[in-house]
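Take a look at the structure set out below.
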Amino acid sequence: MSQDKYNATVVGKIILTPDLMVLRLRTDEPRNEFKAGQYTTIGLLAKESRSQNSSIPIDTLEDDFLIKRPYSIASANTATRDFEFYISQVKSGQLTPRLFNLNQGDRMWIDDKILGIFSLHDTPPQTNIVMIATGTGLAPYISFLRSHLSEHPKIKLAIFHGAAYPWDLGYMSELSFIENLFPNFHYFPTLLKADPTWTGLTGYIENHLESNLLKSVGIEINPDKTHFFLCGNPKMVESVSNFLFKHNYSKHCDNKPGALHIEEY
């Protein structure tokens with residue numbers, strides 16, 4: 001595969017930390033309107049240079065090999081040419097060190113298919129929505145809010161975002177702004193390695209669910225009244241799922257609707 005097969009241009013790159021960034025691409029041709037929460041696949045040829053703070057992987061690839069990985073889309077579902085991704089660098093990985101070495105104007109590949117069933121479309125209209133993420137698992141919820149927040153003025157929405165340090169809280173400014181603008185939206189960032197200057201929540205997300213924090217903002221942990229979405233670290237997904245199972249939640253599947261929606265990765 002030659003570089004002339006690339007079909008998108010880097011139009012923005014925000015480095016949040018040396019290993020965390022927001023990457024914005026513009027495709028040569030528009031895609032179909034997608035469902036907020038879905039994902040697509042992006043890629044670079046193996047001949048592209050790696051970031052300076054990456055490590056050399058054990059496996060080597062041929063220069064013309066296209067390295068591809070799926071990523072949740074953070075942009076609104078109406079942005080059919082402009083796509084945003086929230087990416088953490090795996091230093092020994094094959095793709096992310098190359099993505100971190102990109103600059104504005106560089107070319108890359110993005111699939112024309114947009115896939116996934118992690119969306120708000122199976123959420124009953126009058127139920128509250130709680131979105132729980134760790135790390136870059138936040139991306140689909142940014143798409144949820146950018147696409148559908150204004151359509152849900154009569155229900156309550158909340159995001160829990162777990163991270164290690166304050167600088168790992170990507171989109172904190174945007175989410176804080178939305179919280180100030182929309183009284184029905186609540187943002188709960190929580191840190192595992194906070195220093196004394198941090199005045200927000202600390203510790204594991206499930207501890208805050210157990211403490212009835214949601215009840216204080218009018219959200220009941222009840223599958224008939226509130227749907228939960230989970231995306232991120234598998235240990236978080238398992239722990240929060242087990243907590244919700246005790247409250248009569250069941251996992252949503254195509255053939256068996258439930259109030260617990262899980263994005264596996």
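Readers should treat all values here as calculations from the given coordinates under stated rules, not as data from a laboratory. A quick note: this is a predicted structure, and the numbers were derived from the prediction, not measured. When we count neighbours, we look across all protein chains shown, and the Cβ atoms used for this are built from the backbone with ideal geometry, even at glycine.
Things to note:
- Backbone N under 15 Å from the TYR165 label point (7 Å along Cα→Cβ), restricted to region 74-93: 89
- Packing here is the average count of other Cβ atoms within 10 Å per residue, and on that basis the peptides 88-100, 187-199, highest first, run 88-100, 187-199.
- Selection from PHE160, LEU95, LEU23 lying farthest towards where the dipole of the chain points positive, charges on Cβ: PHE160
- With the simple model of a label 7 Å out from the Cα in the direction of the Cβ, LYS68 to LYS113 spans 0.7 nm.
- Peptide packing for 200-210, 156-166, 66-76, 103-113 was compared via the average number of neighbouring C-beta atoms within 10 Å per residue; ordered from the highest value, the list is 156-166, 66-76, 200-210, 103-113.
- Distant alpha-carbon pairs in region 120-263 (separation over 27 angstrom), percent: 14 percent
- Per residue Cα convex hull volume in Å³ - calculated over the chain: 140 Å³
- GNM result for the chain, Cα springs below 10 Å: residue of LEU20, LEU213, LEU120 fluctuating most strongly: LEU213
- All alpha carbon pair distances within region 3-110 were sorted into 5 Å bins beginning at 0; the resulting P(r) in whole percents reads 2, 13, 24, 26, 19, 11, 4, 1, 0.
- Top of SER49, SER143, SER211 by mean-square fluctuation, Gaussian network on the chain, Cα under 10 Å: SER211
- With each label modelled as a point 7 angstrom along the Cα→C-beta vector, the ILE14-ASN212 pair spans 3.7 nm.
- Whole-number percent relative contact order across the chain, with pairs defined as alpha carbons under 8 Å at least 6 apart: 18 percent
- Spin-label pair SER55-GLN104: with each label point 7 Å from Cα along the Cα-Cβ axis, the two points sit 3.3 nm from one another.
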